[in-house]
Structures are given as C-alpha cells and as structure tokens.
There are 4 protein chains.
Amino acid sequence: MAAITTLVINCTLKASPATSNTEALARNLTEALEAQGIPCEMLRAADYHIPPGVSSDEGEGDQWPDIRQKILHSRILILASPTWLGRPSSLAQRVLERMDAMLAETDDAGRPVAYNRVAGVVVTGNEDGAHHVISELSGALIDIGYTMPGQCWTYWNRGPGPGDDYLSSDAGHEWSERTARQAAHNIAGVARALESTPIPPASG
Amino acid sequence: MAAITTLVINCTLKASPATSNTEALARNLTEALEAQGIPCEMLRAADYHIPPGVSSDEGEGDQWPDIRQKILHSRILILASPTWLGRPSSLAQRVLERMDAMLAETDDAGRPVAYNRVAGVVVTGNEDGAHHVISELSGALIDIGYTMPGQCWTYWNRGPGPGDDYLSSDAGHEWSERTARQAAHNIAGVARALESTPIPPASG
Amino acid sequence: MAAITTLVINCTLKASPATSNTEALARNLTEALEAQGIPCEMLRAADYHIPPGVSSDEGEGDQWPDIRQKILHSRILILASPTWLGRPSSLAQRVLERMDAMLAETDDAGRPVAYNRVAGVVVTGNEDGAHHVISELSGALIDIGYTMPGQCWTYWNRGPGPGDDYLSSDAGHEWSERTARQAAHNIAGVARALESTPIPPASG
Amino acid sequence: MAAITTLVINCTLKASPATSNTEALARNLTEALEAQGIPCEMLRAADYHIPPGVSSDEGEGDQWPDIRQKILHSRILILASPTWLGRPSSLAQRVLERMDAMLAETDDAGRPVAYNRVAGVVVTGNEDGAHHVISELSGALIDIGYTMPGQCWTYWNRGPGPGDDYLSSDAGHEWSERTARQAAHNIAGVARALESTPIPPASG
C-alpha cells in the first residue's frame, strides 16, 4: 500500500500558469499536512490531456495514466474544484469518470484499490454552491472506495449572487483557512489510523 | 383551472409568530407579484400538523388537505425554504412528499393537476447551499408537473462558514431583492402565457 | 427570437460513430417533436473540441461557437446525458460551463438570451442516478434562463447496482418511451405558449 | 468515547408496526455487523415525536433527546431512508437538522462529539434516486463530523419509473445484500481503526 503522501488534483478550468483561487485555498491544507510530515504534490487537471471515458487508459495521447499512477502512489487524495453553476467543474467530473475504472481494479486481497485510502475536498467559487460540490465529490469518492473523514474539507465563497473570488477579497479567509487546518488534521488522523489498522480483507 | 393567484409555502422550521428570514425575503417576491395584480397568500408549513406520508389525506388531525386546497386554487406556487446542512428543510421535503399524490390526480383532460401551473423558489440561509436547495426543489416540482420559468428564484446567504441571517445583515440585500423582482416578472409572464395558451391535452 | 426548432446536445462520453444509448433514448423524444412539426437536430458534444472555460469563445480551435450558434437558433434545447457515478457526464457540465456566458448576453430588450426558450432532459445509465441528473441539469438551465416545463424529461436505468444499458435490455422501454412522448408534448406546448405570449421586457 | 455498537435510524415515513422495506434491507447490514460481534439497535424516527428545530432539546414533548442519547452511546450510526421524489425522506432531513446541534457540542478535548465516529447509509425506493440520497446523507454526516468509510452503503430500487418495492420483488436482492455485507465489513473496519488510533486532539 502507498505511503502517507498526498496528491491534490486541482480541477480549475484554467491551465498553468494562470492564477487559480482553488490552488491558493488548497495551499492552506497542504501546508498543514506538510507541517505534520506528510509530503504533498499538487497538479492541475487542465494541464493534462484527459479524454472522456471510463477506462484507465483511453489510448494514444491520453495523459490520465500519469495522474492515475500519482493517485495510486498517494494514500491521501484531495479533489479541489471551483464552483460553476453551483456544481463541481467539468474537470472534477472528468477525473471521477476516469477513476471509475478503479472500482474494478483490486489489491492483492481482492479489494478495490481505493480501500484504506483517505480523501478530502477543497472548493472555491465566486458564488454559492460549496456544500453541494462537497457532497457530490464525497459521494463519488466513497463510491470508488475512499474513506472520507469527518470535516475533511474547506471552502470559500461569498453570497448572495456572483461576486468576489478568494484572492480578490479578504473576507472570510480566517474561517476558510482555519477550517483547512482542521481538515488536514482530520485527514492525517484517519490516514494514520487506517495505516495502523487497515480494513482487513473480507473473510469470504 | 385556477386563477392566477399565488400561494407561498414558507418551510421555515419556526412556527408563527417567530421571525422568519425566509418570509422576509419572500415578501419581496410577493410584493412584486402583487404590483402586477396577482394576489398572494403566504403560510408556514410549521403552523400546520402535516404528518408524514405520500397521500392527500393521512386521516384524523391531518391539516394537509387545507394546504392542498390552497395549492389547487392557485396557479402559482412558491416554495420558500431555509438551508440546513446545505439542503432544503425537512418541512420542504414534507410538503413535496404530500404533493407526490398530485402525480396521480388528474384534471378533466386526464392530465396531472399541476400541468399549466407555475412555480418558483425562495431560499435563505446562514450559510452556503442555496443553489442546491433551488435545484432540489425545482427538480421535484418539475416531476410533479409544475413549469419552472427561467430565473424563477431568489436567495440570500453569506459565506464562507456559518454567519449572519438575511435580517441580521444589510449585505447583499440589493442583489437578492432585485433578483426577487426579476423572478416575479418571469413567473407572472409564464403563468400568463400558459393561461392564454395552455399545454393542450395529449391527442392520444 | 429563434423559431420553434429543437437542438439536442448528447453529452455521451463516446464520439461518433460509437453507439450511444443516450442518443437512442433521445430519438423517442425527437420523433415525437417532429410528429408535431418541430424540426430537431442532434449533435454529440464529444464530436467537438470544447476546451474548458466560461466564455463564448476560448480562441484558436474552439468549436464551441458552432454549438452556441445552433443553441441560439433553436427555441428548444434538450440536454441528454449518461449517468456516471450517479451524476451528469463531464461533457454535460462542460456544455453548461460554456453556456454560463449566456447569462451576460442579452436580447434587444436587455434580457438574458435564454429567456422565452424551453429546455428538457434525457438521461440513461447502467445504474441509478437519473433523478439527480435531471435536477442538476434543470437547476443549471433555469439559472441560465431556460423555462423547464412540467415533466420535460425521460430516463432509463435498471437498479440496483450496475447492469444493463438501454440498448442491451428490453425492460422498461415502454415506460421510458411513453414518458419521452409526454415530455415532447409538454415541451412543445410551453414553447408555443411562450411564442404566442412571451415574457415581456421588464418595465424598469 | 462510546463502545463499538451500532444505532440504525430508519427514516421511513411509516410508524411501527407497518412493514418497512428500508428496515428489511437494513437488516442485512445489521446482521453482518452482529456476526462481527457488534451489537445493533434499530429505531424508526416515525415512532418518535421529533419537532422541527436545530437544538438538542425543543422542549415539552420532544422525544429527540432519547434518540440523541442513543446516538451518543453508539460509535456507529446508520441512516436508513426511503427515496421520495428522488430525495431523502423528510424524516431523514429532520434527524440531520436535530443533529446539527452536535456541531457545537464538544468532547473533553474540545472536538465536535461526532469525531472518531463512523456512519453508513441504507436506501430503498420504488424508483431511482439512491446515489443521490447517499450523497446527501453522506455530505451532511461528514459535515457533522462522522467519518464515512469507502463503500459504506447499500441500496435497492428498480428503474425506470415507479414500480416494485424491495419486499415485493425478488430482483436484485443478491447484489443489494452482498453490498450490505461489504458495507458492514468496511464500517466495522474503520470503526476499529479509529478506536485503536483515534484522531488526536488538535495541538492548538
């Protein structure tokens, strides 16, 4: 099983090097994980060519296999997404669709590869929608086999109506950043618990 | 078919006469409808005894039949809900469950009774969640047979994290109230279009 | 304003000419619309290069402007989506993100261009999820300005657990196809009502 | 902290002794937990008077405090819900609203009382909607502080369209019951991991 390291997949619609509000908020969570001795890597889905599909390799030019290897090498996965029309970004759903194949990929004990792995969520938006994005991503990650710790997420937005972005406003940063640190603490705690005492193989 | 009048069901958890933020925001919508000559009545689900169930009359003590009569006498229905844990209130879901029976109740032409009726949504919260509440209530109302006009809703909340209520903050009122007036305009427009040119009975 | 014609955007993950269950179910709806004299065009999002973004033109190689023109020329829009992890496909969300720009594009009367247009939804899946996909797509389309008629959708899936596809099973076809015809009737009815009696411009 | 015992709150709309499909499916999960030596108690929310509100005690006649004590005495909580209009039952949302107060109730180390507790979900329906119900309940439970193990749920329904109930059909039982056993295994595993290695108090 993978070591306790973290992969953050930032599902912003913007390729590097454009500024990403979602990346900026996610940095609070990765800094708190690193302060606990957990290495973190962050990538943007928009920097990769990820064709639509539900297999682990869609062939010529598909860069998903690179991301998939990083996912498999990390015990912790953070999905970070902006909010568009109140919903997770198309790239967040694309990542989940490609991860769908992991349901049928098993470890040595015959279990889905995501078992005993832990996930969290980061959401930003220029409008309301974060709780829903968290529920959508959590529901899908649990389906794939990830364990979601209590309060394993943070978010930032300002309602009502469309308005500021995380980096264009000072409002609410204290709450979102404190919540990120708490999420990191909970994610690290559950990852360590499952490393010490993994869910055992089913007896039959 | 019912005249163009409006029933607002406020699904706050608080019975009268407790102050309701949701009622306060919904007043902006009803005032705009009344300014167009459309009478409005507002009630609180919490003031009625509405036992759980999916029939139009759950028997002794059930006050749903009173609300149901008001729904049937109004061409326009507004569901107004607070946001709890990012979701519609339990009373909003209770109202929808009781309305579920309307799917099997038909007009003279054999169509579900909600056909040619129009609905809208009002959401308040002390935290993020409004877009999701709107989608949940809209999805259910469309299922029952209501037509949902474009931008037939307004909402108010302030993120990130739990905080002020609509009546305890001045922030964002201009946007939420302007959006309420626009929603009223759209709802009235579609109600009039369907009064002039109803969806005809299916030819077979 | 556009004539009463229909554009179906099939958001299957599979490019042509692969068989699409979603297309097959959507054909029931387009056939019923055509029987009412309403011309229909269907395209697959997967056949176009639609880069991530929230503008109407993301530049060099972006084929979204072609789809956008078709949307603007059709009074009726049907979003058809498969179900992956219980949610709309990444291409459905991509289409909505690109349509987000339509919120700021106005007609001669200063209204969002989607006003007085009508939408519907078709969903297939090899597992449960259709009601949620319908709510997600309906919520977003209402946000953009489309009017959603009562019961403007159909779906097909078989639970529990993953299993057959629409084209690999005979079960439930009668219900899904009858529901498609009813949806076509309702969509055509509301489109005609809004052609005869459009939502007027706001008086100020 | 509570011992590893399980409380199942069945959120069917039907009070005892009416037959509950949701209870019948949930029994597969409790039997599998009991086979692992984990005692289980099941109750129906509909058998209690639970007034609307978001406090732990709404006063005279409120029976929520009885349920709350059972929740606090059990390390594992299973929310079991029927599907109405594709969504969790009004009683499931009522339970979550009342649990909302737990966010502000802390253990000796100053953490929300739900920390280091584990939850799961059971869903039945006479129509599509289970994945959404699972995401809604999971999102809310994570918010409150519960850890949700990978694949901690089971469901049963048959689409498309309304139809059979779990107990009125033999179809799909094998999948739903096997999935219940797998969920029990995962829930027990994560509960034991967090008993052995709890999330520690935050260092400051």
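The values are calculated or read from the model by the stated rules, or taken from the named source; none is laboratory data. The structure presented is a predicted model; accordingly, all values stated were derived computationally and were not measured. Because the Cβ atoms are built from the backbone with ideal geometry, glycine has one as well, and the counts that use them run over all protein chains shown.
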Assuming residue D:158 fulfils every condition listed in (1) among the charged types (D, E, K, R); (2) facing chain A (nearest Cβ under 8 Å); (3) part of a loop (DSSP other than H, G, I, E, B) apart from one, which condition is it?
(2)
Which listed residue, of B:46, B:18, is loosely packed, with under 15 Cβ neighbours inside 10 Å, under 19 Å from residue B:95 (Cβ atoms), of a type in the set (A, V, I, L, M, F, W, C) and touching a Ser or Thr at 6+ places or on another chain (Cβ under 9 Å):
B:18
Confirm whether residue A:88 is modelled with pLDDT of 95 or more, within 8 Å of another protein chain (Cβ to nearest Cβ) and buried (at least 17 other Cβ atoms within 10 Å of the Cβ).
yes
So is residue B:125 without any contact (Cβ under 8 Å) to a residue 60 or more places away in the chain, in contact with a strand residue (DSSP E or B) (Cβ under 7 Å, 6 or more places away or on another chain) and surrounded by 24 or more Cβ atoms within 10 Å (Cβ to Cβ) or not?
yes
Test residue C:33 against the criterion of being over 20 Å from residue C:165 (Cβ atoms), of a type in the set (A, V, I, L, M), in contact with a strand residue (DSSP E or B) (Cβ under 9 Å, 6 or more places away or on another chain) and outside any helix (DSSP H, G or I), and give yes or no.
no
Residue A:120 being within 13 Å of chain D (Cβ to nearest Cβ), within 27 Å of residue B:136 (Cα to Cα) and not aromatic (Phe, Trp, Tyr):
yes
Quickly run through segment A:136-154 and pick out the residues that are more than 7 Å from chain D (Cβ to nearest Cβ) and among the small types (Gly, Ala, Ser).
A:140
Among the hydrophobic types (A, V, I, L, M, F, W, C), within 30 Å of residue B:12 (Cβ to Cβ), modelled with pLDDT of 95 or more and part of a strand (DSSP E or B): which single residue out of D:50, D:9 fits that description?
D:9
If residue A:174 satisfies every condition in (1) touching a His at 6+ places or on another chain (Cβ under 9 Å); (2) acidic (Asp, Glu); (3) part of a helix (DSSP H, G or I) but one, which is the exception?
(1)
Scan (1) in a loop (DSSP other than H, G, I, E, B); (2) more than 10 Å from chain B (Cβ to nearest Cβ); (3) at pLDDT 95 or above; (4) under 22 Å from residue B:152 (Cβ atoms) for the single condition residue C:199 breaks and write down its number.
(2)
Take the residues in segment D:106-133 that are of a type in the set (Val, Ile, Thr) and assigned to a strand (DSSP E or B), then tell me which one is nearest to residue B:86 (Cα to Cα).
D:121
Is it fair to say residue D:180 is assigned to a helix (DSSP H, G or I), in contact with a Leu (Cβ under 6 Å, 6 or more places away or on another chain) and either within 8 Å of chain A (Cβ to nearest Cβ) or polar (S, T, N, Q) (or both)?
no
Restricting attention to segment A:101-114, the residues that are at the interface with chain D (Cβ under 7 Å from one of its Cβ atoms) and surrounded by fewer than 24 Cβ atoms within 10 Å (Cβ to Cβ) number exactly 0
